[in-house]
1. Could you tell me whether VAL68 is in contact (Cβ under 8 Å) with a residue 40 or more places away in the chain, more than 25 Å from THR237 (Cβ to Cβ) and in the same structural domain as LYS44 (by TED's automatic domain parsing)?
2. If I go through region 222-272 residue by residue, how many of them are closer than 30 Å to LEU144 by Cβ, at pLDDT 90 or above and aliphatic (A, V, I, L, M)?
3. Here is a list of conditions, (1) out of contact with any strand residue (DSSP E or B) (no Cβ under 6 Å at 6 or more places or on another chain); (2) surrounded by 16 or more Cβ atoms within 10 Å (Cβ to Cβ); (3) modelled with pLDDT of 80 or more, and LEU358 meets all of them except one; can you say which number that is?
4. For GLU339, indicate whether it is surrounded by 11 or more Cβ atoms within 10 Å (Cβ to Cβ), touching a Pro at 6+ places or on another chain (Cβ under 6 Å), assigned to a helix (DSSP H, G or I) and at pLDDT 70 or above.
5. In this structure, does VAL121 turn out to be aliphatic (A, V, I, L, M), surrounded by 14 or more Cβ atoms within 10 Å (Cβ to Cβ) and in contact with a strand residue (DSSP E or B) (Cβ under 8 Å, 6 or more places away or on another chain)?
6. Restricting region 178-221 to residues that are aliphatic (A, V, I, L, M) and touching a helix residue (DSSP H, G or I) at 6+ places or on another chain (Cβ under 8 Å), which is surrounded by the most Cβ atoms within 10 Å (Cβ to Cβ)?
7. Suppose the filter is at pLDDT 95 or above, farther than 26 Å from VAL96 by Cβ and of a type outside the set (Asp, Glu); does THR196 pass it?
8. Filter region 1-53 down to residues that are polar (S, T, N, Q) and loosely packed, with under 10 Cβ neighbours inside 10 Å, then give me how many there are.
Amino acid sequence: MDLSYGAENERFRQEVREFLEREWNPAELDRAAMKDYVATFRQKATGKGYLYRAIPKEFGGSEQPIDVVKAQVIREEFARARAPMEVGGNGMNMVVPTLLERGTQEQKDAFIRQTMSGEYVWGQGYSEPGSGSDLASVRTKAVLDGDQWVINGQKIWTSQGMDATHMFMLARTEPGAPKHAGITYLLLSLDHPGVTRRPIKQITGGATFCEFFFEDVTTPVAWQVGDRGDGWNVSKTTLKHERAAIGSADGLGHQFAQLVKLAKSVERNGRPAIEDPLVRDALVRVEGWALAHRYSSYRLFSNAAAGEETPMVGLMMKLLLTEIGHDIAQTAQDLIGDEAMIEAAPPGTKGRGPEKWLDQIMGSLGNSIAGGTTNIQRNIIGERGLGLPRDQAMGA
């Protein structure tokens, strides 16, 4: 396998590196100054074509030709310099790509630039109590009243919920239609007296999700993405981008390195745990899966650079990331032992010990649900990737 990027791309790497050395020097800035500094830096990086490459210039992006190798070089160099990439979250990972594919010109003008700047923060209004993995069973209703949709219902497990200024949601607009055909994809502002948000305390102790209640909340028909009743198909565009973001291999190497560091720092039978053959065997097994995931990402990267598709591998990446994350968490739980009985201090607290791994251990359970549950992912791989028949109904 040839993992070199070629002379032209290495020259581009040097260009990016020199830009970062010149423009990214944030040492000793206070929090307020850092916010303005980061915003200015992103503007400069966008002007050079390094950030927001897929976003047209009319919406504030750099509008660069698709070049997966250059995009990878940029990610590597920004990571090396610890420089900020694009504003993240639901907005850039899901809403903006969906609007670029399915939105109207008015919607693109209204939302993309403000999402890029971080002014608009988006919550995801998909999950509802009692709906489980059946996304099409949404019961939140939207009724047309002139040029407004009037929304009543509830959403749950909304990431970025406490900070969200807007939401993209699925609402049932055609009660008599088949469940997949009666859904409409809506955007709405959360600055409305009929919106109630409540934080959900998670098993990790944090509260990064919210539940929302909607009572006669209105949103313009002009903020409807796609046709009325076609929300299911629009939502698949959003989910495609969400799963691509979740399935990235970039974080696994860091997680495994931290796991090895943990194995060196804790003791088992009076010596570092990493000297225990059983621990080393567990680490080797985890590393094998992590490397397999990494090299699968290289395969996707190489094929994308050659203009080729590998749909089967792409379908597997999110599931593999979830499973490997579980293995890392389980190994960490075995290593920290009784420390797992201590409630972890919040991230950023000085002096956090091995119990900080509880964040990863408990959080890994949620990753098997986010972006499509593990079993749903297996069904997608089997049916769409392998062409296996769908399960027959019970008793058929």
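1. no
2. Residues in region 222-272 being closer than 30 Å to LEU144 by Cβ, at pLDDT 90 or above and aliphatic (A, V, I, L, M): 3 in total.
3. (3)
4. Here the answer is yes, as GLU339 does meet what is asked.
5. Judged against the criteria, VAL121 is a match.
6. ILE183
7. yes
8. Residues flagged as polar (S, T, N, Q) and loosely packed, with under 10 Cβ neighbours inside 10 Å within region 1-53 amount to 1.
The values are calculated or read from the model by the stated rules, or taken from the named source; none is laboratory data. Just so you know, these numbers come straight off a predicted model, no measurement behind them. We place every Cβ from the backbone using ideal geometry, glycine too, and count neighbours over all the protein chains shown.
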